[in-house]
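Below: one structure, written as structure tokens.
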Amino acid sequence: MLVVMDKNATDEQVQAVVAVIERQGYTARPIPGGDRVSIGVLNNPGPVDPTLFIGLPGVKEAVPITKPYKLVSRESKSDDTVVDVGGIKIGASQIVLIAGPCAIESEDQALAIAELVSKTGATIFRGGAFKPRTSPYSFQGLGEKGLEILARVRQVTGMPVVTEAMDCESFGLVEKYADMIQIGARNMQNFSLLKRAGQSHIPVLLKRGLSATVEEWLMAAEYILEGGNTQVVLCERGVRTFVRHSRNTLDLSAVAVIKRESHLPVIVDPSHAAGRRDQVLPLARAAAAMGCHGLMVEVHHHPEEALSDGAQSLYPDQFARLSRETSQLYNLLYAKEGQSS
Ligand code: PEP
Ligand code: MN
């Protein structure tokens with residue numbers, strides 16, 4: 001159930017509706033929209049009686065929500081959510097480019113790559129300090145030292161930084177350094193981590209699980225919003241299929257579905273989808289043409305020496321081309337209307 005308030009409803013009227021919801025033993029979650037507030041009714045074991053709200057001062061309507069996800073759905077909020085990452089807006093009129101190495105390897109490496117990508121269109125820097133690796137013998141990341149390097153990159157280049165938190169134990173530490181916290185594909189259904197992210201004041205980048213349906217992915221995002229953190233960006237990064245010509249299969253139709261079903265911004269990571277450098281630019285072009293709100297791309301100045309994901313990391317000049325072409329495509333298709341639908 002969603003209680004939609006009049007455009008000029010007062011705070012007292014909103015509070016009165018919240019009180020009615022809470023008296024029933026349900027949870028009320030006000031959702032500020034473009035020009036009016038709606039209040040989501042959560043934790044109701046059965047259908048909610050709309051007559052509880054109809055006729056209350058300031059209430060426009062009470063509408064049942066038909067989807068299993070509520071707070072993330074367009075039914076609960078029709079206008080696009082814009083997520084502010086250290087001053088960079090994801091979900092607004094520009095396509096946002098997030099770039100950097102798979103893993104932070106050293107200060108020199110991170111700064112060299114950051115300076116190159118920031119000159120060619122990236123506005124957010126990425127790099128893992130805690131790495132989820134398939135093999136326990138592979139490079140696991142520099143841990144807190146990597147986070148310190150990310151803070152140094154922000155100080156030197158002015159770019160906000162996104163990095164992964166792999167577990168609840170290290171979440172607080174990552175929160176101290178990052179402008180946006182990534183929850184990786186392997187953790188998309190780590191429900192305690194999602195609940196912890198729901199308590200954070202920092203935006204969350206939620207990657208799609210390796211074999212998750214769009215509905216499961218949206219339900220994972222629902223955990224974060226239900227916890228109170230509305231600043232969530234979804235990231236399509238390819239799903240596991242039978243093909244051998246790429247690491248994963250980029251599911252671009254998911255971008256269209258998310259844009260229809262949810263108000264949250266959706267970005268695309270062509271690097272982890274492809275697993276190989278030669279496919280990254282074509283996939284990125286296609287993603288920009290789909291109207292995704294951003295791209296996350298792995299870039300390395302010496303990919304052959306990278307400690308992780310070198311095969312899919314672009315050379316800096318390849319990233320410069322990707323940046324140019326995807327921005328042109330996006331602007332051609334979407335920027336004039338100032339929207340991406
Ligand atoms: C990453 O972005 O570094 C990463 C590990 O991605 P994913 O969780 O999508 O595999
Ligand atoms: Mn990687």
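The values are calculated or read from the model by the stated rules, or taken from the named source; none is laboratory data. Quick caveat: nothing in here was measured; it's all calculated off a predicted structure. Cβ atoms come from the backbone with ideal geometry, glycine included; neighbour counts cover every protein chain shown.
Answer with yes or no whether Gly100 is touching a Phe, Trp or Tyr at 6+ places or on another chain (Cβ under 6 Å) and surrounded by 15 or more Cβ atoms within 10 Å (Cβ to Cβ).
When the stated conditions are applied, Gly100 passes them.
For region 77-108, how many residues meet the condition of being more than 16 Å from ligand 2 (Cβ to nearest atom) and in a loop (DSSP other than H, G, I, E, B)?
Result for region 77-108: 14.
Go through region 16-55 residue by residue and tally those that are in contact with a Pro (Cβ under 6 Å, 6 or more places away or on another chain) and among the hydroxyl-bearing types (Ser, Thr, Tyr).
0
Quick test of your reading of the structure: Lys70 fulfils all but one of (1) outside the structural domain of Ser327 (by TED's automatic domain parsing); (2) at pLDDT 95 or above; (3) within 23 Å of Lys207 (Cβ to Cβ). Name the failing condition by number.
In the conditions (1) outside the structural domain of Ser327 (by TED's automatic domain parsing); (2) at pLDDT 95 or above; (3) within 23 Å of Lys207 (Cβ to Cβ), Lys70 misses (2) alone.
For region 225-250, enumerate the residues that are without any contact (Cβ under 8 Å) to a residue 40 or more places away in the chain and within 16 Å of ligand 1 (Cβ to nearest atom).
Leu234, Gly238, Val239, Arg240, Thr241, Ser246, Asn248, Thr249, Leu250
For region 43-54, how many residues are exposed (fewer than 15 other Cβ atoms within 10 Å of the Cβ) and under 11 Å from Met5 (Cα atoms)?
1
Suppose we filter Gly46, Gly58 for residues that are at pLDDT below 90 and either closer than 18 Å to Leu225 by Cβ or of a type outside the set (Phe, Trp, Tyr) (or both); which single one remains?
Just one listed residue meets the conditions, Gly46.
Give the residue, chosen from Gly91, Gly127, Gly121, that is surrounded by 17 or more Cβ atoms within 10 Å (Cβ to Cβ) and within 15 Å of ligand 1 (Cβ to nearest atom).
Being surrounded by 17 or more Cβ atoms within 10 Å (Cβ to Cβ) and within 15 Å of ligand 1 (Cβ to nearest atom) holds for just one of Gly91, Gly127, Gly121, which is Gly127.
If Arg126 meets every condition in (1) in contact with a Cys (Cβ under 9 Å, 6 or more places away or on another chain); (2) over 19 Å from Ala287 (Cβ atoms) apart from one, which number is that one?
Condition (2) is where Arg126 drops out.
Being more than 16 Å from ligand 2 (Cβ to nearest atom), at pLDDT below 95 and more than 22 Å from the chain's Cα centre (by Cα): is that true of Tyr137 here?
Against the criterion (more than 16 Å from ligand 2 (Cβ to nearest atom), at pLDDT below 95 and more than 22 Å from the chain's Cα centre (by Cα)), Tyr137 qualifies.
Would a scan of region 109-122 turn up a residue that is closer than 25 Å to Leu218 by Cα and outside any loop (DSSP other than H, G, I, E, B)?
no
How many residues are surrounded by fewer than 24 Cβ atoms within 10 Å (Cβ to Cβ) and outside any loop (DSSP other than H, G, I, E, B) if we restrict to region 154-163?
Of the residues in region 154-163, 4 are surrounded by fewer than 24 Cβ atoms within 10 Å (Cβ to Cβ) and outside any loop (DSSP other than H, G, I, E, B).
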